[in-house]
Structures are given as structure tokens and as C-alpha cells.
1. Counting only heavy atoms of the protein chains, get the accessible area per residue of chain A (1.4 Å probe) and round it to a whole Å² value.
2. Pairs of Cα atoms under 8 Å, at least six residues apart: use those to get the relative contact order of chain A, whole percent.
3. With a point put 7 Å past each Cα toward its Cβ, work out how far residue A:688 is from residue A:765 in nm, to one decimal.
4. Return the distance in nm (one decimal) between the two label points of a simple spin-label model at residue A:418 and residue A:566, each offset 7 Å from Cα along Cα→Cβ.
5. Quick check on segment A:815-906: what does the Kirkwood estimate of hydrodynamic radius come out to from the alpha carbon pairs, in Å?
6. P(r) of segment A:589-631 in 10 Å steps, Cα pairs, percent per bin?
7. Multiply the residue separation of residue A:274 and residue A:187 by 0.36 nm, subtract the distance between their alpha-carbon atoms, and state the gained length in nm to one decimal.
8. Assuming 0.36 nm per residue, please report the length gained on full extension of the stretch residue A:173 to residue A:475 beyond their Cα-Cα distance.
Amino acid sequence: MLDKTFEAAAIEPRIAAAWDEAGAFRAGAGAEPGADPFTIVIPPPNVTGSLHMGHALNNTLQDILVRLMRMRGRDVLWQPGTDHAGIATQMVVERQLAERQQHRRDLGRERFVAKVWEWKAESGGTIVNQLKRLGASCDWSRERFTMDEGLSRAVLKVFVRLYREGLIYKDKRLVNWDPKLLTAISDLEVVQEEVKGHLWHFRYPLEGVAFDPSDPSTYIVVATTRPETMLGDTAVAVHPEDERYAALVGRRVRLPLVGRMIPIVADAYSDPEKGSGAVKITPAHDFNDFEVGKRHNLPQINIFDVEAHVVLKGNEAFLEGLEAAEDLAETVALMHGRDRFAVRKLVVQRMEEGGFLEKIEPHVHAVPHGDRGGVPIEPYLTDQWYVNAAELAKPAITSVREGRTVFVPKTWEKTYFEWMENIQPWCISRQLWWGHQIPAWYGPDGKAFVAESEEEAAAEARAHYGESVGLSRDEDVLDTWFSSALWPFSTLGWPEETAELKRYYPTSVLITGFDIIFFWVARMMMMGLHFMGTEPFRDVYIHALVRDEKGAKMSKTKGNVIDPLDLIEDYGADALRFTLAAMAAQGRDIKLATSRVAGYRNFSTKLWNAVRFAEMNGCVRVAGFDPSSATETLNRWILTEVARAVGEVTEALDAYRFNDAAGAAYRFVWGTFCDWYLELSKPVLTGEDGPAKDETRATAAHVIDEILKLLHPFMPFITEELWARTGEAGPSRETLLALTRWPTPGATAPDAAAEINWLVEAISEIRSVRAEMGIAPATQLPMVLVGADAATRGWLDTHAAAIQRLARVSEASAAEAAPPQSAQIVTARGTIALPLAGVVDLAAERARLAKEAEKLDGEIARIEKKLDNPQFVARAPEEVVEEERTKRDGYAERLAKVREALGRLA
RNA sequence: GGGCGGUUAGCUCAGUUGGUAGAGCGCCUGCUUUACACGCAGGAUGUCGGGGGUUCGAGUCCCUCACCGCCCACCA
């Protein structure tokens, strides 16, 4: 006997262990012979991570599809694994070191990296266990890690090949530099943050005239949000068509505090509308200025070290051509070695002292921050490795254009194209220790030898120099996303031509959030096409972001994070999963309310109790039971409804409409099976033994099986548990539910549907009227069916017991006319009369009927207006017009009967 | 500045070819009815953001305005 409720927290882990032991999720488990493969690669979570709501949604959706396909007998592989997450992981371990007042430099590279591996061994399994807790049916035996041996070999191979093809190259240009993490980062890792800053207007004195703050003809005003960079200014730019400054172009100004003479150049970059219309140019510290500098052949003066401290002493580029003026000496003494923000203050202060500060305006602007380090990034001139993304993007764009890879919902393709068509070189080198070290070795003269091993590089060097030389390896590691980009094929064994690679590549569908379309999806497309020659996935399903109840992005700093593990603890993984699926409408953010999870926990309890009820009534599965041989109307009806539900759920899942699928299953289980089938079958189940009872028991058990299958992708734990428990009676289960075949819609019985639908309507109507009339539940009323045809009267006979019980009716009979003083319910198949004499105030019934008549009147008037419109009759499709007529006639007939009933009561 | 999405019941959200709206939660009224109070029965609540247009007919298509959110670009 089942307990009263399903104890999710206790039972779910046990089920998970059973799946594991049975190897139920191994690639190909339960597949039909000759089945097509179905592959999903998991978006690898960071090893440092723990399960958040985004993971929960993402993996629930994947698991629903994977379980569906496995049940359909497809050869399923859900490839799991984790990402080494370069910066994030390195930061975790560095933080631990910091607690002991240590720095990674103290350990040295080798020992530090060893420490990270240690940490990974200890804590890296957290996220995987949490995914298992969620019920993710990955093939855990194939778990991979982006830095394991095989994947690292793939990374080497890819790097070397792209290098040899000229698609990876080294370049010196401005990069986004994170002065806290001391590494370059890619454009995508930069987040713009609105900052309330200032716009400082500086006067730069013109050459050849005596500077006089009160005489604007002696200087030019530039506006800046970054005063400190003025130390590296090498020009002032004005717009070529800006008449205000036309006369000044070609002249020079003396850079205050520094004394450098810099030109005023005409460049269209300068925007006359912004600031003063003249802009200071710092080629070494601003992306736009860098470009301007190249156009005008300006020097690039880097004034920062890697931590964005100002470096002036010994800074050759800075000092070149400067005279040893007093103000310069002061500037160097005051500012050298100080932080950029301290220098900002000092520069402003000294500019003011010198009369060079014209005004300060408040100014809100976006400041780029490193997404990991959280500090403003610095455009910084360094040597880095780049991927020629524009080249690799071409086929990746074509694939989507030509529909070989399809985004769902399609709107995301626009985003994809937008980015891919304007893609910039991808900076892939990072000045970190944790990651794939770049396979480049440098000779004494700095020449790079890129090869898969040091030996190979040494050989190349020998060939180049004509002798053995000492080589030093590039210190940098690759952007984490470089290895992630290979994930769909590297996890399957590439570059080896493994059987898995052949079998499971390309993958069937990728399920991910829109936030990593650029980071990941686009790059997998590029790498997959380049190295495998085919798109890495057929469909890309983009799901929403999970937000809090108010729609805010969940974040630790806001404190609005809902931890999925808490929800699992409180309501069960099944409830959480079902909630996420039910809310996963395409193209919308999900605002998660805990009450919703509670609601679906109730649903699982409902299911549990329905099975419990069946168990109590001896609904045991019958070997070889053939649903199509059922003869009882009620059973034929529920089988029809099952067929419909199976069709709806399947169709919705095939279209990635997870919410529709969940909704259809929910409505069927609760609204149809529990509310009506179980209720209506009670008389049979508690009645005398016989064929009807046997058939009903077998049918109930059969329908429950179908329900368990249908719900399994959404609620794997409770369904697997019930599958096992219901397997204890009757014929034993051949397999776990997870490996059972997905149902296909069976035959339907329209006649049974019509009959039971009438019954449901009759009961509902009687209940409704009773409630409206304020008739106490304990009061039993007789009911009389008036004006019904023989078939309907037959239905009444058949279902009299059900009606009596469910509508609280003392006796049900048919008659020619309604008894006096009856409430009357007019239906399409006759009028149901409830004699009310002595039970209820007849005036109330008159009022009810009058209201009903009024409503019908309104409906009829509305339709008639429509039908009187010649345009409607002429232009609307015939069937729509006909439908309206039928509706009108039906209403009119009912109205007549309602009026008649009213008349009798008068 | 460019682009995308949203605005539907008190709250959170559905609404797939255009035929005047649904769910969960909440609320109200009843109920120890052969599983389930995490339940049962019944009920109330919407000028589908504003305006205009197309159409016989618009929550659904087009235009426009307002507000909200996101993405990309931008440290003058």
C-alpha cells in the first residue's frame, strides 16, 4: 500500500541510484536495433559552479527531450562534462591562497596549477552531483572535462592547424586589459556599466602665443572623462568641417603638465556636437584614438603598467622629445607609480592650479568593466594571439541562412547574423596559468614555432636556425571558450576517428540560453564546420533567462537568488522540473514564483494518490490486456482521452513547446482522469464482481501506465517510483520506466466520448445550479430528464448511479413534462428538471432563469447582428457563417425552453 | 545611436494559421463525498497599455505613441 504522500526528498535519490546501477543512461541504452542516433551535448557548467536556476531550466529541457527520445527507442547520447573555466577557477584558488596571505607567484606556475587540479579533484564534482539530483539522464560514464587529456589534444591540434592556415596569428594592438586580473579579455567579456562621472574641460595652450586663461584665443578646449590619460596625449582632433576650429588645424598645442608639443589634426572621428568639439587623442589608451593615431601617424605613448599604475620615470616613449621643464619634473614626481584613479585626481587638481581647467560637468556614461574582475578595463597595447573570426564566420553564417542549422525560436537568428557579420578578431590569449598553454615556442630572436609538442617545435627551430637553440614556451593560456568551441566533437574523441564520433556527430539539438549565443554557439558553429565539415547541431533551441518574481536578473549581490536545490529539497526535483517546463514558453523570460512550484508539487501528490486509489481498488495490470477490446463506455471514453493526450504531448514536444506539453499532460491527468474517470468508475469498482469490473480495473491500470510514461520526461522520479510500485502486483515490469517505449495514440471512440461528455455536462450543470440555489450538499433532489431522445434516455439509465452520487440526486428518471416548481437546466440533449418545491425559494429560481434568458438573448442579438451584415454573409467562409447560424438556432431553442420554464413558475 | 522583446484576471504567466479570452497561485461560498485539505464542489474578477488602420470580423496582422526590459555599439 502506498503512503499518503510522495516523500520526494527521501525517494528521489534512491531512484537516481537505481538508474545509475542499471546503466539506464549509457549511450544507446534501450535503443531499438538500427535506431537513429539522438545526441545532445550538455553546455558544460564551470567546475567551480553550483547549480543555479539557469542550469536547472537548461538541463530540465534537455532531459525532457533526451528521455523522450530514449523512450522512443532512439540511440541516445547525452554527453556530459564540465568546463575548466579559466579565470573563474583560477580566481577561486587564488582566493584560497590569499586567505593564507599567499600569492600564486609565491608558488610558481607548476605548483599553482597542481593546486588547481587538487581543488578540482576535491570540489569539481559538486555541480555534477547536483545535476544528478535534478534527474539529468546524461551518460555519466562518458563525462569529460575541457582540460582532460583527450580534449587538450584536440585543442593543440586545432590551434596548430589554424595557425598553419593563417587563421591564428599574433598581433600587437589594443586589447581589453583587466588591470585586476592582469590579463587580456575578449570583447565579449567586457560589460558596459553606467557610471555617474564627470566631463572635464581642459585648456590646451596654443603654440606661439602666451597662455591666458581669460583669453580663449590662446588655447583650445578639449573635454574628457579620463583626465589621467592626458599624460599620453599625442594630438587634438577637430572635425574637418568644423568652422570654429578650421584655422587651428595644423597648429600645435603644448600639453600642460607634460610640455609635449602635439598637433591639432582634422579627423572625422571628432564630433562637433560632443564636448567642446575638439577631442584629445591618446592612441595607446583608447580604441578610437588608436585608429585616429594610425591615420595621422601619431606616436603611441603607453603611460600605464599592467596594473594601470602610471609609469613616467624611465618611460622612453613618454619622455621622448620632452624638455626638462619644471612642470614635467613635478608631474613625474607626483604621479609616477600611482594608480590611475589617484592620478585622475592629481591631474585635475594640477590642471586647475595652472588655470587649465575650464569647467567640470556631471556626465553619465558607460564604462567598460571586466565581467569577472569587476574593475574598469583598460585599452592596452600588447602582443596577443588572435583568431581570424571573420573568415571562420562565413560558412557559419551560410549554414544558418540556408537552414542547415535552425534556431528555435527563429528570432535569434537575427541576433546571430548581426554579430557574425560584424565579428571582430577574437583575442584568444590570456595571461593566466590555468588553462591550455599556447603551443608556441620562441627562439632567441623571438621567432615563434607553433607545434603540437616541444620536440616538434625544436625540430622546426633546428631547421630554421641550422642548429639546436634554446626555446622558451609562450606563457599564456587560451581563452576558455576556445576549448568549449570544440565541445561537440572533442568530447566524442576527435582528433581520433572514434566510433562515437562517427555515430553521434553532428548532434541533434543544442539547448542553451541566449546569453551565450556569441560566446559559445557561434564559435561551435565556426569550429565544427571548419574541422568536421558539418554543422555541429541541427537545431539550436534558445531558452529564456530565469528571473526572480519581480523580473530582476537573479544575482548574489541583489540577494534575490532562488536556489534550485532549496526548491528541490522543499518540493522535490519533479515539481521543480515540471514548473520549469510548464513555464518554458518560447521567447520569454521566466519569472519564477515559488507558489508555482508548490502547485506542481500538489500535482505530483495528486498523481500519487490517484495511483494509490487504483491500488486500493485492485486495479492491477493484466498481461496481454488489449485496450481496443474494451467494451465499457467509460473505459472506451478514457482510452479516447488518453489517445488525445498522448497526441498532444508528443506533438508539443516535437515542436519544442515544452509548456504546451506539460499543460496537456497536467489537464489530462488531473482534469480528466482524476476528476472524472476515477470518480465515475467508483460505482463499478466498488460494485459486484464481473466482466465490467475486471475491464475497468485493467483499463485503469493501463491508463495509469500510459500516464506514467507520458509524465516521465517531466517527472522522472515519481513516475519511476510508481512504475516500480505498480509493478509489484500483476505481471512484473520488463524494464525501468526510463527504458520503456513512449506511447502512441490508440484508437478513439467518438460515440463513447459523446455519451460521457453528456454525462459530465449534466453532472456539472446540476452541481452548478444547486450551488447557485444554495441547496445544502446533504439535500438530495430527484432529477427528471425532459424531452430527451431515446439514446439520451438510455444514457440516463446507464449512468443513473453516477449522477446520483456525483450530483447528489435521489433518483434519476425521464418524463414527458417537467414536474411543477422545478429548476430547469436546458441542454442540447434535453432539459434537466430539479423539483424544488419546499426546498428552495422559487423566486430565486425565477431570477436565475431570467438571468439565463437575458444572457441567451444577448448572445442571439450579437450573432444576429453579425448575420444581418451582408458583408459578413458574403465574405466570411461558408462554414463560419453556417457555424454562426447553428449557434444562433441552438441558443434560440434553449431560450424558448427557458422562457417556457419561466412561464410555468410564474 | 542600432536591434530585439514585453505590456492579457489581484499576482505569475498561456493564448500555433485572425472568428470577442485561459491556467496556476491568491480571493469568496460551501464540503470529514470509498485516493488526495498538497483535497472536493461551486463562484467572482479582464474596455487583452493608448490611438489609428487593414478586415465581414483583431489579444492575434500593419502603423503610431507611451512605459518597462534585454542585447550590441559608445569612457569627449
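The values are calculated or read from the model by the stated rules, or taken from the named source; none is laboratory data. What you see is a predicted model, and the numbers here were worked out from it, not measured in a lab. Please note: Cβ atoms are built from the backbone with ideal geometry, for glycine as well, and neighbour counts cover all protein chains shown. These area figures cover heavy atoms from the full protein model, side chains too; ligands, DNA and RNA do not enter into them. Shrake-Rupley method; radii C 1.70, N 1.55, O 1.52, S 1.80 Å.
1. Values: 39170 Å² over 906 residues.
Per-residue accessible area for chain A comes out at 43 Å².
2. On the way: 1546 pairs, mean separation 111.3, N = 906.
Normalised by residue count, the contact order of chain A is 12 percent.
3. Here the answer is 3.2 nm between the modelled labels.
4. About 3.4 nm, to one decimal.
5. On the way: mean 1/r = 0.0687 Å⁻¹.
One over the average 1/r among Cα pairs gives 14.6 Å for segment A:815-906.
6. Whole-percent P(r) values from 0 Å outward: 22, 27, 26, 16, 9.
7. Working: separation 87, 0.36 × 87 = 31.32 nm, distance 2.50 nm.
Working it through step by step, the gained length comes to 28.8 nm.
8. Details: separation 302, 0.36 × 302 = 108.72 nm, distance 1.85 nm.
In short, 106.9 nm is gained.
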